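Okay, structure first, notes after.
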Amino acid sequence: MSAISKIPDLDLREAAWNEFVAAVRPLLTPATRFAEREMLGPKTTMRVGGPARVYAEPASVGELRHLLVAAHRRGLPVLMLGRGSNLVIPDAGVDGLVLSLAHEHWQKFEPQPDGRICVGAGLRLKNLCGLATKAGCKGFEFLEGIPGNVGGALRMNAGAMGGWMFDVVAEVELMSFAGELRVMPKAAMHVDYRHCAELHEAIALGAVLQPAASAGPTDIRRQIDVYQKKRVESQPREPSAGCIFKNPPGTSAGRLIDEAGLKGERVGDAEVSAVHANFIVNRGHATSADIIGLVRKIRARVKDARGIDLEPEVLLYGQEWRDVL
Ligand code: EPU
C-alpha cells in the first residue's frame with residue numbers, strides 16, 4: 001500500500017486548503033478581507049447556515065484574480081456571495097472559497113456620455129435605483145425592493161413587477177474561474193427566467209446598463225412607490241430567502257402552495273409565510289435542515305394535489321437540491 005492511500009480524503013483536502021491559504025495570503029493587500037471559517041448565516045437574508053472554509057472580499061481585480069487562480073490550480077470550489085438573498089446555506093457550511101464583492105471597489109455607478117451606465121457587480125440594487133432616480137434614468141424601478149446586488153441579480157436574472165435584470169443590461173464584464181476577463185454583449189448571452197448560463201461558469205464584475213428613457217426624478221419615484229406598496233402588502237417582513245420556488249409555466253407557485261392549505265405549515269422554526277405562500281420565513285432559530293424539510297413537505301403536498309413538481313428557485317449553497325430532496 002502506498003503512503004498516500006493511507007491518508008484520508010479529508011486530510012488531503014485540508015492540506016490543499018492550507019496550501020491555498022499560505023500561497024494566496026502574501027498576494028493580498030490589507031484592503032482585502034480574508035478569513036478562514038467565517039460564519040455565513042449572518043450574511044444572508046434567511047440567517048441560517050454554517051461557515052465558509054475560506055471567505056474573502058477582494059479589493060481589486062488583481063486580488064480577485066489571485067484568489068481565483070490559486071483555488072482553480074488546486075481544484076478548490078469557488079462560490080460567489082451577493083447580498084445573501086435567494087440562497088440557503090447548509091448547516092455544515094461550505095467547503096469552498098466564498099467571494100463577496102462587498103468592497104467599495106465594486107460599487108461604481110458611472111453614467112456615460114451615450115446615456116448608458118457602468119455599474120459594479122457589488123452595487124446594491126436599492127442604491128442603483130436611488131442613483132438612477134437622481135440621474136433621471138428610468139427603467140430600474142422594478143429592482144428597488146429586491147434585496148440583492150448587481151452581480152447576484154445578473155446571475156439569477158432576478159425579477160419583479162413584470163421586469164427582469166437582463167431587460168436593462170447592454171453588456172456584462174465577467175471573469176472566468178481561471179481568471180480570464182471578457183466583456184459579453186447581452187445578445188451573446190443565454191438568459192432565461194431566473195437563469196443566466198454564462199454566470200454558472202464565470203463571475204460578473206460589472207455591467208453596462210441601458211436606461212429605458214430619461215424622466216424627472218419625481219416621476220420615477222412615483223413608480224417606485226407603487227411597486228413598494230405592492231411589495232409591502234403582498235410579501236412577508238420576517239427573514240426569508242425571497243420566493244422559494246420558481247413559478248411553473250403559466251401559474252404561480254405561491255397560489256399552488258396556498259391552495260394546498262400550507263400557509264403556516266412548519267418544520268422547526270421554518271414556516272410557510274401566512275402573507276405569501278411561496279416564502280419560507282425563519283421564525284427565530286430555523287436551521288437549513290428545517291428549511292429543507294419544509295421544502296420537501298411543500299413539494300410532496302403540491303405534487304399530490306396538482307401533480308406539479310415545484311422546482312426551487314433559491315440556491316442550496318454548494319450543493320444541488322436534487323441531492324437532498
Ligand atoms: N397568490 C396566492 N396566495 C399566495 C401568494 C400569491 O393566491 O400566498 C396569488 C396572488 O394573489 C396572485 C398570484 O398568486 O394572483 C401571483 O402572486 P404575486 O403577484 O405575489 O407574484 P408571484 O408570481 O408569486 C413573482 C416573483 C416575485 C416577485 C413578484 C412581484 C417568482 C417565483 N416570484 O411572485 O419574485 O417579487 O412576482 O413581481 O417569480 C423572487 O423571485 O424571489 C420573488 C420574490
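In straight-distance terms, cross-link reach from LYS303 covers every one of the lysines whose alpha-carbon lies under 19 Å from its own, apart from those fewer than eight places away in the same chain; here that gives LYS246, LYS263. Averaging the sequence gap over all C-alpha pairs within less than 8 Å and six or more residues apart, then dividing by the number of residues, gives segment 1-100 a relative contact order of 30 percent.
Here the contact order of the chain, divided by its residue count and restricted to Cα pairs under 8 Å and six or more residues apart, works out to 16 percent. Within the same chain, aspartates and glutamates fewer than 8 places from LYS230 are excluded, and of the rest, those with a Cα less than 18 Å from its Cα are GLU141, GLU144, ASP219, GLU238.
Quick one: HIS103, HIS285, fewest Cβ neighbours within 10 Å first, how do they rank?
With the sparsest Cβ surroundings first, the list reads HIS285, HIS103.
In this calculation the C-beta distance from ARG306 to ASP192 is compared with R0 = 30 Å, giving a FRET efficiency of 0.80. The H on the amide N of VAL78, modeled in the peptide plane, is under 5 Å from the matching H of LEU97, each at least 5 residues off or on a different chain.
Here the chain is treated as a Stokes sphere of Kirkwood radius computed over C-alpha pairs; at 20 °C and 1.002 mPa s its diffusion coefficient rounds to 102 µm²/s.
Sequence-distant or interchain residues sharing an amide H contact under 5 Å with THR32, placed H: which? Long-range HN contacts for THR32: ALA59. Taking a straight Cα-Cα cut-off under 21 Å and skipping sequence neighbours fewer than 8 places away in the same chain, the lysines within cross-link reach of LYS134 are LYS108, LYS126, LYS229.
Calculated mean residue ellipticity, 222 nm, the chain: -9000 deg cm²/dmol, from DSSP H runs (n ≥ 4) at -39500 (n - 2.57) each, averaged per residue and rounded to 500. Rounded to whole numbers, the Karplus 3J(HN,Hα) couplings from phi for segment 132-143 are 5, 4, 4, 7, x, 9, 9, x, 9, 4, 5, 7 Hz, using 6.51 cos²θ - 1.76 cosθ + 1.60 with θ = phi - 60°, and x at Gly and Pro. When GLU238, GLU173, GLU271 are arranged by Cβ crowding within 10 Å, least crowded first, meaning fewest neighbours, the order is GLU238, GLU173, GLU271. Computed from backbone phi, the HN-Hα couplings of segment 16-26 come to 5, 5, 5, 5, 4, 4, 5, 6, 8, 3, x Hz, rounded to whole numbers (Karplus: 6.51 cos²θ - 1.76 cosθ + 1.60, θ = phi - 60°; Gly and Pro given as x). Basic side chains Lys and Arg get +1 at the Cβ, acidic Asp and Glu get -1 at the Cβ, and with that the dipole of the chain about its Cα centre reaches some 520 debye. Across segment 237-323, Cα-Cα pairs more than 23 Å apart make up 13 percent of the total.
Fewest-first ordering of VAL281, VAL172, VAL61 by other beta carbons within 10 Å of each residue's beta carbon gives VAL61, VAL281, VAL172. In percent, rounded to a whole number, the relative contact order of segment 237-323 is 32, using alpha-carbon pairs under 8 Å and six or more apart. Scaling the Cα radius of gyration of segment 107-218 by the globular reference 2.2 N^0.38 Å produces a ratio of 0.99.
Here, each number is a calculation from the coordinates, and none is a lab measurement. Just so we're clear, the structure is a prediction, and the values are computed from it rather than from any experiment. For neighbour counting, all protein chains shown are included, and Cβ atoms are generated from backbone atoms with ideal geometry for every residue, glycine included.
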